[in-house]
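Take a look at the following structure, please.
The values are calculated or read from the model by the stated rules, or taken from the named source; none is laboratory data. Predicted, not measured: the structure shown is a model, and the values here were computed from it. Ideal geometry is used to build each Cβ from the backbone, glycine not excepted, and the neighbour counts take in all protein chains shown.
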Amino acid sequence: MPIDSAPDTSVPDTRPNSYRAGPDERGHFGLFGGRFVAETLMPLILDLERAFEDAKADPSFGEELADLLAHYGGRPSPLYYAERLTENLRGVSRKIGGAGGAKVYFKRDELNHTGSHKINNCLGQILLARRMGKTRIIAETGAGQHGVAVATVCARFGLPCEIYMGATDVERQKPNVVRMHMLEAKVNPVTSGAGTLKDAMNEALRDWVTNVHDTYYIIGTAAGPHPYPEMVRDFQSVIGVEAREQMMEREGRLPDTLVACIGGGSNAIGLFHPFLDDDTVTIYGVEAGGHGIDVANGHAASMSGGAPGVLHGNRTYLLQDGDGQILEGHSISAGLDYPGVGPEHSWLKQTGRVNYVPITDKEALEAFQLCAKLEGIIPALEPAHALAHVLKLAPTLPEDNLLMMNMCGRGDKDVFAVAKHLGMDV
């Protein structure tokens with residue numbers, strides 16, 4: 001049976017003194033998070049928590065990670081002023097009688113090694129796996145970017161790995177499947193359910209329960225049982241730390257607006273977390289609206305169209321039916337096609353600190369094309385959702401508003417899928 005030290009639900013979840021203070025010692029962000037895991041896994045989860053706390057207190061761990069991020073991962077990623085997009089959206093603002101149009105910056109994490117933000121977390125966790133003496137690595141992946149990053153760090157450190165990937169995603173993300181094979185990872189297609197990210201995570205958890213002694217599970221998003229949401233957030237917070245420094249250098253002040261896409265939410269929490277206590281910064285998380293929030297099982301926007309429940313070891317907002325059964329959901333983006341979200345995002349929604357909004361498949365495709373046309377940057381479908389919200393939001397903001405969006409992945413993996421949706425003959 002899953003076990004957890006549940007939070008005291010009799011105490012109101014009030015606005016905290018610091019949004020950056022969580023989670024508590026039991027892994028809860030307000031009423032969300034926790035450790036709902038099989039008894040077999042609990043000793044390993046506690047060992048992982050101790051190893052993570054020890055690593056944070058060890059200067060040599062931080063030094064090795066910083067060196068890898070810089071010289072292997074390619075950090076810091078640039079902060080780029082999207083000049084042509086900004087001018088385009090200011091033109092839109094004039095047409096609609098808007099406030100002038102924000103100045104748009106991209107935090108370009110798609111320029112990292114492996115093509116996304118995923119490498120940040122994988123480098124941190126592979127160092128933890130070595131520290132714990134683990135000799136086998138497993139992971140789940142949706143869009144394949146996390147799978148590629150895991151396969152990459154395993155090749156770098158000489159550890160075997162197995163990647164669980166939904167059969168549907170294997171088909172629509174073939175370029176990343178080829179990359180994983182080239183890195184000598186074993187890719188296991190998962191045919192249960194809808195064959196997407198949720199099902200891949202289910203299979204990875206089953207593997208972990210069976211092989212607890214030698215296996216380390218590198219979870220790719222800021223979800224799962226504690227300490228994963230905290231750990232992934234901390235490893236990804238390098239994004240926001242860099243972004244603060246870079247915006248201060250470029251503009252002499254913090255950004256006014258942050259925007260990032262939300263699947264499980266690792267890229268977003270990495271950008272958001274260093275800014276959460278800055279009241280002047282307005283923050284938007286962009287979910288996958290699929291065919292529309294009002295379409296039954298036609299989207300993957302758990303915070304816009306879901307309710308709290310338990311999945312994959314934590315309590316969070318989920319897509320579920322009236323009986324509490326998890327829905328499959330839908331998104332054109334394999335990386336956002338997940339029926340839940342990290343628990344810290346659920347808490348940030350509940351407290352009102354972050355605004356969460358849905359974007360449809362159609363809107364994401366339009367943003368994808370516009371970004372390629374105006375900026376010469378082909379985005380992944382995941383950040384194309386964030387960009388689609390920027391296209392709506394920026395024209396309503398004044399010209400002195402500094403808007404920063406996380407370009408968390410590049411679109412190499414998606415070009416054939418997008419071409420198919422656009423009816424292109426390729």
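Quick grid of which residues meet (1) hydrophobic (A, V, I, L, M, F, W, C); (2) surrounded by 24 or more Cβ atoms within 10 Å (Cβ to Cβ):
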residue	(1), (2)
223	yes, yes
227	no, no
247	yes, no
252	no, no
266	no, yes
272	yes, yes
277	no, no
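Where residues in the range 119-136 are of a type in the set (Lys, Arg) and touching a strand residue (DSSP E or B) at 6+ places or on another chain (Cβ under 8 Å), which of them is surrounded by the fewest Cβ atoms within 10 Å (Cβ to Cβ)?
136
Now a separate question. Which one of 156, 233, 179 is on the phi < 0 side of the Ramachandran plot and under 17 Å from the mean Cα position of the chain (by Cα)?
Just one listed residue meets the conditions, 233.
Based on this model, can you work out whether residue 259 counts as in the same structural domain as residue 102 (by TED's automatic domain parsing), touching a Cys at 6+ places or on another chain (Cβ under 8 Å) and buried (at least 24 other Cβ atoms within 10 Å of the Cβ)?
So residue 259 fails the test.
I'm trying to understand the selection: among the residues of the range 333-356, which are surrounded by fewer than 19 Cβ atoms within 10 Å (Cβ to Cβ) and of a type in the set (Val, Ile, Thr)?
351, the sole residue that qualifies.
Please go through the range 180-208 and give me each residue that is of a type outside the set (A, V, I, L, M, F, W, C), in a helix (DSSP H, G or I) and either over 20 Å from residue 153 (Cα atoms) or in contact (Cβ under 8 Å) with a residue 40 or more places away in the chain (or both), ordered by number.
Of everything in the range 180-208, those that are of a type outside the set (A, V, I, L, M, F, W, C), in a helix (DSSP H, G or I) and either over 20 Å from residue 153 (Cα atoms) or in contact (Cβ under 8 Å) with a residue 40 or more places away in the chain (or both) turn out to be 198, 199, 202, 203, 206, 207.
Something else: Need the failing condition index for residue 139 against (1) among the aliphatic types (A, V, I, L, M); (2) surrounded by 20 or more Cβ atoms within 10 Å (Cβ to Cβ); (3) in a helix (DSSP H, G or I); (4) at pLDDT 95 or above, just the number.
Single failed check for residue 139: (3).
Only residues that are free of Cβ contacts under 8 Å to residues at least 60 places away in the same chain and either outside any helix (DSSP H, G or I) or more than 23 Å from the chain's Cα centre (by Cα) (or both): list them for the range 360-405, please.
373, 376, 378 - these are the residues of the range 360-405 that are free of Cβ contacts under 8 Å to residues at least 60 places away in the same chain and either outside any helix (DSSP H, G or I) or more than 23 Å from the chain's Cα centre (by Cα) (or both).
Here's a follow-up. Go through the residues of the range 293-302 one by one and say whether even a single one is in a helix (DSSP H, G or I) and modelled with pLDDT of 95 or more.
yes
Tell me which of these residue 106 doesn't satisfy, since it passes every other one: (1) farther than 30 Å from residue 157 by Cα; (2) touching a residue at least 60 places away in the same chain (Cβ under 8 Å); (3) in contact with a Gly (Cβ under 9 Å, 6 or more places away or on another chain).
Every listed condition holds for residue 106 apart from (3).
Further question: Check off (1) in a helix (DSSP H, G or I); (2) charged (D, E, K, R); (3) surrounded by fewer than 24 Cβ atoms within 10 Å (Cβ to Cβ) for residue 162 and give me the number that stays unchecked.
It is condition (1) that residue 162 fails.
Against the condition closer than 16 Å to residue 282 by Cα and not assigned by TED's automatic domain parsing to the domain that holds residue 173, how does residue 369 come out, does it pass?
In short, no.
Still on this structure, I have one more. Considering each residue of the range 265-288, count those that are in a strand (DSSP E or B) and either more than 13 Å from residue 340 (Cα to Cα) or not assigned by TED's automatic domain parsing to the domain that holds residue 363 (or both), and give that number.
Qualifying residue count for the region: 5.
Could you say which residue among 44, 69, 85 is in a helix (DSSP H, G or I), closer than 30 Å to residue 207 by Cβ and either at pLDDT 95 or above or touching a Cys at 6+ places or on another chain (Cβ under 6 Å) (or both)?
After applying the criteria, what remains is 69.
Then there's this: Need pairs with beta-carbon distance below 9 Å; first residue loosely packed, with under 12 Cβ neighbours inside 10 Å and within the range 45-69, second among the small types (Gly, Ala, Ser) and outside any helix (DSSP H, G or I); sequence gap 6+ or separate chains.
none
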